[in-house]
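Here is the structure we will look at.
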């Protein structure tokens, strides 16, 4: 269950005038672990968040006022701010006085500067124009073309969509809200109108994130409703104005309560945090911050802010910032994978994140039974979940106003080109509720697979991925899908299928295994596979080094030998000993193999198909299994870190199955000898250890008995209190 | 009152007076005693009477009568006897109970005086079985010599009528056909059907021997037969089979092997559509006569439900209209209601296991801190240990002086002890059997214990049902037949005189004997409950009945008179607790409040009766009650719990703050830490004694059960 964890005060905010509360911040911008805090008066302060330490403070001259929060230019490490609407200043961390830094006067009022990772900051002007900072600096006085005149920008945000920055901003004119999407490279502007239907209350706050060529915008209304608007980032041929529909995501407050100065922050794709002040119909005012699961519309955690708040909140890098009284508070949070059980608070908290794991070196256990346990090598507990806001490769698609029916879509799939299909499919999937969702998706996949079979050149990889990710599919629903994917060696899709389908036939599982093992690590490296889940136990860098090294040694030359001028034999030996410590496959392949290890199977049916593996494949697979087994055994809990990791039982079962299936091959192959003997030695050490444990079982039990004497004997005198 | 000379000073808890101020209210030193090695005797036979009475015969010869309507309360106990052990019990001639045993006697029990009325030798050697004819006018007994003897049941006696044809082999089981004209008799390898009129065997059913592991056919003992009115005979035999026979044709209809060990007992419901079977592996099975197909007229016996409540042989079963009853050699009586026959109330449908007697076998000398344990054939006197330490809730204190076994008092003769008592200072011990009363003067001088039997006990007082010493140890009350109580005067010199006999006033006279006694601390009042359920209060100064507590339709399970207020607190078998003011001759306001509001549902649904009531010596509002699974300090000053509240709220209360505790506390302060309880009493305001008998300890003393293969062993 998601929850707020510990909190600390980052800094005290300077109050202005006689008001009890500070007016709030102009802005808070992230800079790696640091934040750049711009207040409403004249100062900009840089804080190290983990140390709660100010690193620097700059202020503009008396009489001037900062109008745009300072940001950090990630490219150059410089800070940029705008004061008095037009005057842009750029300085470095070691500058002390803002009077002496670079200054440029622009020709139009700046609304905000957006810092974009790995790109020049983007400057958004009040008239809607967007310019890159380097372009502006080249000629500061250049003419800025106005996009609109009467509209007022309410909110803006910049994203990077496949190395192309995009600025999304929202303007207001009377009661209408417009959404602009400004692509920067090449410059392209799309305008949408926000559907205001059915909501009479005022818009309070916005937040947005980018997934899959779509910006998901969350709008918080004063009625306490959070609406979701999907903004397509795709080029549309028609210049006509689209109205973007909104759908109710969650309702924060019971009816009748009015929210005042509230804001919303996105924690991860299923969790949002809202800070604000609510007025109940009885006239009670309450200031709070709450954490919501949007998938199941459940309140996960909430905190009262008794000292009042300006209702501003931000979320950067797993930390949630909120103003509380005169302080800026940092609240840590944890968001677990949202499942229904977690949303309802029924899931048991996993103790693994807390346990201090002992790492055991089984190879140190020799015949004399000495075992070296190295404590204190704690695995860092990753409590904050990774934000899954990653971007994907995109291809063009279009938005369409009226939703498609399934029949129309199936017809399109039969006849149209890949691009059209992709666009229509996106459109279909993003359009509100689809009745009989699973059946629909099944039908679409079937149609796509049929077309693939008919036309060998046709392969809508993105569409298939998208549909498979919809959950709830099974192998029997689309039997042809995995066959097609195998033909095209679409490992990403295969991985997804293995993770999601509960009923893959053993023959197909084996075919996948064969495919995965036969692919080279280099070719896999180019694939878009997320290797985060194995990062906990496969040292990618080290692995690469070893690979290089072994190649070099084969060539009869080792640069490391020369560098260290060590005894060659010693190094060789240590390499051989440590062989099992290094992963025999690349992280991408490891991910794919893990997907196979975790899939469901029945050993009777699997065994005949396993025999189809070639000898090299068997050895490689065994090496990988051995590696996993030793990694598992290192932990006292015998668990691998990360998700989608096989359990020790799964690893053992597969090892036994592979050995069963290729008994003769393994016995004959000289390469297998070392492997088998090291495995044997390892298992023998474990058996030895456990038998020793068995021997002292009695003593251990006695220790336990001494600690809690249960048996009271025939007579005892006890104290009993009845209250 | 003066303390009798020669008494040891009551061992005070060291540090008690000093610590008393610091000790919070309601904090007790609990003497947790497991020294009483009570062992329930195995159940040999049961017999259900249509009027919801159940007679249970145990292998120590005792016979118990349970009232199935009054929460299965053990209403009457006829104490055991070394030689008169019933192999079979029968209700006949109305409400008369007969037993037959291996001593060769047919015994009639007196259910009013709770003793053997008479015993008649059947002259056929040991008797293995007995059955009454459907009208209850005749008894048939199966003898060791192979004969079946018929007896007429006459008023006040039975008379031999005739022998059926004598055959070879002992008659192990008998069943009388509903017509009264035929008797089925199970023997070794054989079942015979006799014609009652002619006395001839008309059918001979051969039960085939079964090859067991030893490859030599072992004889097949027909342990039980049932003769259904349609002529079907059901037999249970030592090869683990239940067989259905056609008694006309002499053919086997159906065999059902249900156990690898012997099947020992059978019983059928009155409607003859259900049979209950007990096996030596402790399992009980139900057979039901079910339609082969829905709507078809053809019906077949099908084994439906298995139950495993016993660990040892189920020697006997009974089938009432709503429940299956089984009794095993593990001493447990299990009443398993049939779900389809009871209303859906969960409480009625709950399984009831009776392991412990519904009366007190322990008496306590509070002042002297002695415990008297009553075994069937001897008494044990123990002195409690002491401690000098104090501690917090839940702590176990170091015992500075261990408990001491002072005396073992052996009873002479074959009769078992029926009741026993010790006086408050531990100066007198009395016990009684069915025919004798023994009184001892106890002198405790330091380590030495001197026991002196009082020779001249008045003859009138023989055969006491219950004994009680007055609080000042100058009187002994002896509960006797017909509701009368003999008052004996005890002198310090060790002389005992009959003072007078208290009898109910003529209008209230009863046939039932007095079974429970309670005396007030001032020696003014005596409350007497009889087996019939009436409670009479006597004025001891005037030696006359004072009043009768209004009649209640359930038997009293425990009663006690408050030492200060002279209010009589009574617990009934339906779990009601009533309080009656003796001076006012009326129920107290608290009792009326309880009746109005009703007790908590969880309290009413407990399945063991309250067997002892005591009072807090300082807190006049606090009453101690206990059953097998809990004891309760009932605080009459606190509000009664609502049905929505948690009855057993001590663990949650302990976590609350003082003020919150005050608001959520209710009258029932229940402790379930000590189980199963045979006795709980308050020694003084700061100490409690609880006598526990762990079920595991009982199991350890039982013989090993029939070996059963368990998975994984």
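Values in this text are rule-based calculations from the coordinates and carry no lab data. No experiment lies behind these values; they were computed from the predicted model shown. Quick reminder, even Gly has a Cβ in these numbers, built from the backbone with ideal geometry, and neighbours come from all protein chains shown.
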Starting from the Cα gyration tensor of segment B:512-602, take the square roots of the eigenvalues, sort them a ≥ b ≥ c, and report rounded, prolate or oblate (rounded when a/c is under 1.5, otherwise prolate if a/b is larger than b/c, else oblate). oblate
According to a simple spin-label model (label point 7 Å from Cα along Cα-to-Cβ), what is the distance in nm between residue A:211 and residue A:59? 4.5 nm
For residue A:487 and residue A:499, compute 0.36 nm times the residue count separating them, minus their Cα-Cα distance, and round to one decimal in nm. 2.4 nm
Quick one: check the C-alpha center-to-center distance for segment B:147-194 versus segment B:551-618, whole angstrom. 49 Å
Report, in deg cm²/dmol and to the nearest 500, the calculated mean residue ellipticity at 222 nm for the protein assembly as shown, where each DSSP H run with n ≥ 4 adds -39500 (n - 2.57) and the sum is divided by the residue count. -5500 deg cm²/dmol
What would the Debye formula give as log10 I(q)/I(0) at q = 0.13, 0.22, 0.26 Å⁻¹ for the alpha-carbon point model of segment B:447-510, no solvent? -0.40, -0.94, -1.17
Relative compactness, segment A:407-459, computed as alpha-carbon Rg over 2.2 N^0.38 Å: 1.11
Taking each pair of different alpha-carbon atoms in segment B:212-329 once, compute 1/r for the pair, average those values, and report the inverse of that mean as the Kirkwood hydrodynamic radius in Å to one decimal. 14.6 Å
Per residue, the convex hull enclosing the alpha carbons of segment A:654-702 has a volume in Å³ of 79 Å³
Could you give me D for segment B:380-423, from Stokes-Einstein at 20 °C and 1.002 mPa s, where the hydrodynamic radius is the Kirkwood radius over C-alpha pairs? Units µm² s⁻¹, please. 157 µm²/s
Taking every alpha carbon pair in chain B and sorting the distances into 20 angstrom bins from 0 up to the bin holding the longest one, the percent per bin comes out as 16, 46, 30, 8, 0
Measuring from label point to label point, each 7 Å out along Cα→Cβ, what is the residue A:701 to residue B:605 span in nm? 3.8 nm
Given 20 Å bins starting at zero, what is the percent of C-alpha pairs of the protein assembly as shown in each, up to the one with the largest pair distance? 8, 22, 23, 23, 18, 6, 0
By the gyration tensor of its Cα atoms, with a ≥ b ≥ c the square roots of the eigenvalues, what is the shape of segment A:94-165: rounded for a/c under 1.5, prolate for a/b over b/c, or oblate? oblate
Projected area, mean over directions - segment A:17-92, Cα convex hull, nm²: 5.6 nm²
Relative contact order of chain B (C-alpha contacts under 8 Å, at least 6 apart) in percent is 9 percent
So how long is each side of segment A:248-330 along the principal axes, counting just the alpha-carbon atoms, biggest first, in Å? 36, 33, 17
One quarter of the convex hull surface, Cα atoms only: what value does that give for segment A:632-723 in nm²? 12.5 nm²
Within 10 Å of each Cβ of B:384-392, how many other protein chain Cβ atoms are there on average? 2
Run the quick spin-label model on residue B:495 and residue B:447: label points 7 Å from Cα toward the beta carbon, then report their separation in nm to one decimal. 3.6 nm
Just to verify a number: FRET efficiency for residue A:243 and residue A:405, C-beta to C-beta distance, R0 = 22 Å, to 0.05? 0.60
Computed from the beta carbon distance with a Förster radius of 45 Å, FRET efficiency for residue B:292 and residue B:165 to the nearest 0.05 stands at 0.70
Reciprocal mean inverse distance between Cα atoms of segment A:20-175 - Kirkwood radius, Å: 16.1 Å
Quick one: work out Rg over Rh on the C-alpha atoms of segment B:104-188, Rh as Kirkwood radius. 0.97
Apply the a/c threshold of 1.5 to the C-alpha gyration tensor of segment A:576-678 and tell me whether it is rounded, prolate or oblate. oblate
Across the Cα atoms of segment B:365-496, what radius of gyration and what greatest pairwise Cα-Cα distance (Dmax) are found, in Å? 16.4, 53
Over the Cα atoms of segment B:34-89, what radius of gyration and what Dmax do you get, in Å? 12.1, 40
Restricting things to Cα coordinates, could you compute the convex hull volume per residue of segment B:308-441 in Å³? 202 Å³
In nanometres, the difference between 0.36 nm per residue of separation and the alpha-carbon distance of residue B:544 and residue B:408 is 45.2 nm
Would you mind getting the Kirkwood hydrodynamic radius of segment B:273-329 from its Cα pairs, rounded to one decimal in Å? 12.0 Å
Average beta carbon contacts from partner chains per residue of B:26-33, 10 Å cutoff: 5
Project the alpha carbons of segment B:637-709 onto their principal axes and report the range along each, largest first, in whole Å. 56, 35, 21
Size of segment A:31-71 along its principal axes in angstrom, Cα-based, largest extent first? 34, 15, 11
Fewest Cβ neighbours within 10 Å first, please rank B:648, B:401, A:478 accordingly. B:401, B:648, A:478
Under the definition of partner shielding as Cβ atoms of other protein chains within 10 Å of a residue Cβ, what is the mean value for peptide B:396-404? 3
Rounded to 0.05, the calculated FRET efficiency for the beta carbons of residue A:103 and residue A:326 at R₀ = 25 Å is 0.20
